[in-house]
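Beneath this line is the structure, given in structure tokens, with notes to follow.
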Amino acid sequence: MRILPLVPAVLLLLLFMAGPVLWSLYGSFTNAALTGPNAQNPQWIGLDNYSRLLEDPDFPRSVLLTVVFVLLSAVVGQNILGMALALLMSRASGGVSALIGGVVVSAWVLPEIVAAFVMYAFFTGEGTLDQLLGLVGVDGPNWLFVAPMFAVILANIWRGTAFSMMVYRASLDDVPPELVEAAQIDGASPTQRLFRITLPVIKSTIATNLMLTTLQTLSVFTLIFVMTAGGPSNRSMTLPLLAYEEAFNFLDVGYGTAIATVMLVVGALSSVVYIRMLRPGKD
Amino acid sequence: MAVPTAPGTTGRTPALAAPGRRPSRVAANAVLVLIGVCFLVPLAWLFLSAVDPGASARTSLPDTVSTENFRAVLTADIALRPLLISFVLSLGSATVTVLAAVLASYPLSRYQMRFSKPFLYTVLFGTSLPVTAIMVPVFSLAVRTGLLDSIWATALFMAATSLPMAIWMTKNFMDSVPVSLEEAAWMDGAPAMTALRRIVVPLMRPGLTVVFIYVFMQAWGNFFVPFLLLRSPEKQPAAVTIYQFFGQFGAIDYGQLAAFSLLYSLPVIVLYVIVSRSVGGSFAMSGAVKG
């Protein structure tokens, strides 16, 4: 009786989350397709989809692009810029912090597809970036063709930095001022105070935030889909886009599902690490 | 708890630093403004293009400011019906999620049960699964069960994907409501569900508002899920029609795209401001994640 209230939530989660995950595992062992005979009666083909993954030159490249995208845009870009903004805000005047904080957060509050349009207009040929370069006499190219990864990485930094900034701003408030003062009296330089005191004190927040931004960035689809659609010639085809393309453009659902399963496993492993980090003495 | 505006935090620099403080503050202000301008330029494009009938991908002050772009997209087919569908989808999934989350949180928060902890960890695990990865199987499941193109199934699916986070947040909010108040009701013989409805829910209204708005915003901004699951044009929400508007005619009408984008973004901006004013906004959200 007591667990009755849990039923709606459990049903929803089983039907719409656990179900698809299991179906995904099963589907990746079949040759399911969206059309044709294999759509009606998919055959069990064992590990064929997975061995195909290993032979397919697109897959390792897609893994590499995903790693580059996550590393540069989330781990390096959003985290370091977010931390820098938080540290600067704790020194700057209140009005300036509030204003700049508001601007940075606006990019994050916009729906993802709108952020993607804005970034498209910024990086496209004769777009805003080229206009700015023109001011210093440089004739800029269409960045989405010439350097698609550069464009989508900067776009994701622009859109996502606000989250890290807000997390770090709040955690900096938790650093006891006495600690910093004491170090200052002992003659520690600002850099020493940052690396020896402030960052070690908030290191669990940093770890949590790294994990969260990594997981969010791993599944970014819309931003890249709108800006480059994975192109030109697959040069920005990260795993979510590859899974989409195989399943919906090439109608090879089994193979697309195998790619999705790889992403699920990577995501699941990351969240296990994340939960382990949260556990010690925190609830 | 406060969003970037809390002025109290700036005065925290130790008094000892007084002599060197002014130049460092000026430098911090300067660097912040510089970064802020980089973030502002793309946003400025959005606002300027929306009121510029001759807008391009470049950012420039319009020759004439007009509402032409807005009038062009404010038709039933382009913006109005899709926005209404977005509203129905988001309202539906937020309502379902909040109801399911409140019900689920009650036993998790109030009773000592053996499986509470494993359940909560499973939920936490669910919050971090990449939803993008399950879309291929969700699509093929929808085809097989005939639920493709169904607005209510899409709303339920979006409700389910936000549910782990919603349960986690709601349970944390409920933990902060003292049990002593309900104990009085139990003494009087009121069933647990009555206590939940009459005592707990009214006390956690601000928290539930945050959860509701959070789920609503997620559903409103979701492009990938309705893009895959809703195929007929007359059932598609604004997130999907705005994409077709972007890609359809070869040459993009940037002015109308920007105007539509602003109309579509307006509700989430308003909701975000409401949340950040009342409870500390995104911060309460990210705080809730950390338990």
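Return the aspartates and glutamates within reach of residue B:171: Cα separation strictly under 14 angstrom, same-chain partners fewer than 8 residues apart disregarded; answer none if there are no such residues.
Within reach: A:283.
Can you work out ³J(HN,Hα) from phi for every residue in segment A:241-257, in order, using Karplus 6.51 cos²θ - 1.76 cosθ + 1.60 and θ = phi - 60°, giving whole Hz and x for Gly and Pro?
For segment A:241-257, the Karplus-derived couplings read 6, 5, 4, 4, 5, 4, 6, 9, 8, 9, 6, 9, 5, x, 5, x, 5 Hz, x marking Gly and Pro.
Using a Gaussian network model of chain B with C-alpha springs under 10 Å, which one of B:256, B:218, B:112 is most mobile by mean-square fluctuation?
Comparing B:256, B:218, B:112 in a Gaussian network model of chain B, the most mobile one is B:112.
Name the long-range amide H neighbours of residue A:30: under 5 Å, sequence gap of 5 or more, or other chain; modelled H, no Pro or chain starts.
Here A:45 satisfy the definition.
Taking the Cβ of residue A:182 as the centre, find all other residues whose Cβ is under 12 Å away and add up their charges (Lys, Arg: +1; Asp, Glu: -1).
Neighbourhood net charge equals -1.
With a cut-off of 8 Å between alpha carbons and a minimum separation of six or more residues, what is the relative contact order of chain A in percent?
So the answer I get is 29 percent.
If you keep only loop residues by DSSP, which chymotrypsin sites (Phe, Trp or Tyr not before Pro) in segment B:149-258 have at most 12 other Cβ atoms within 10 Å of their Cβ?
B:249
Considering only B:48, B:34, B:271, give the residue with the highest GNM mean-square fluctuation for chain B, with springs between Cα atoms whenever their separation is below 10 Å.
B:34
Let me spell out the model: positive unit charges on the Cβ of Lys and Arg, negative unit charges on the Cβ of Asp and Glu, origin at the Cα centre of the protein assembly as shown. What dipole size does that give, in debye rounded to 20?
Magnitude of the dipole: close to 1560 debye.
For segment A:194-283, state which trypsin sites (Lys or Arg not before Pro) are in a DSSP loop and have at most 13 other beta carbons lying within 10 Å of their beta carbon.
A:282
I want to make sure I understand the PRE zone here: with the label point 7 angstrom from the Cα of residue A:132 toward its beta carbon, which residues in segment B:39-62 have backbone N atoms less than 12 Å away?
B:39-45, B:59
Pairs of Cα atoms under 8 Å, at least six residues apart: use those to get the relative contact order of segment B:19-68, whole percent.
Once divided by the residue count of segment B:19-68, the mean separation gives 24 percent.
Enter the buried accessible area of the A/B pair, total of both sides, probe 1.4 Å, in Å² rounded to the nearest 100.
About 8500 Å² of accessible surface is lost on pairing.
Roughly how big is chain B's charge dipole about its Cα centre, with Cβ charges of +1 (Lys, Arg) and -1 (Asp, Glu), in debye to the nearest 20?
860
Using the Cα centre of the protein assembly as shown as origin and beta-carbon charges of +1 (Lys, Arg) and -1 (Asp, Glu), tell me which of A:232, A:135, B:130 is placed farthest towards the positive end of the dipole.
Selected residue: B:130.
Can you give me the relative contact order of chain B as a percent, contacts being Cα pairs under 8 Å and 6 or more apart?
31
Quick one: among A:58, A:186, A:139, which has the greatest mean-square fluctuation in a GNM of chain A with alpha-carbon springs under 10 angstrom?
Largest GNM mean-square fluctuation: A:186.
Quickly estimate the mean residue ellipticity at 222 nm for chain B, helices only: each DSSP H run with n ≥ 4 gives -39500 (n - 2.57), and the total goes over all residues, rounded to 500.
Using -39500 (n - 2.57) per qualifying helix, the result is -22500 deg cm²/dmol.
The values are calculated or read from the model by the stated rules, or taken from the named source; none is laboratory data. The structure presented is a predicted model; accordingly, all values stated were derived computationally and were not measured. FYI the Cβ positions are ideal-geometry reconstructions off the backbone, even for glycines, and counts take in every protein chain you see. Calculation scope for accessible area: heavy atoms of the full protein, side chains included, ligands and nucleic acids excluded. Shrake-Rupley method; radii C 1.70, N 1.55, O 1.52, S 1.80 Å.
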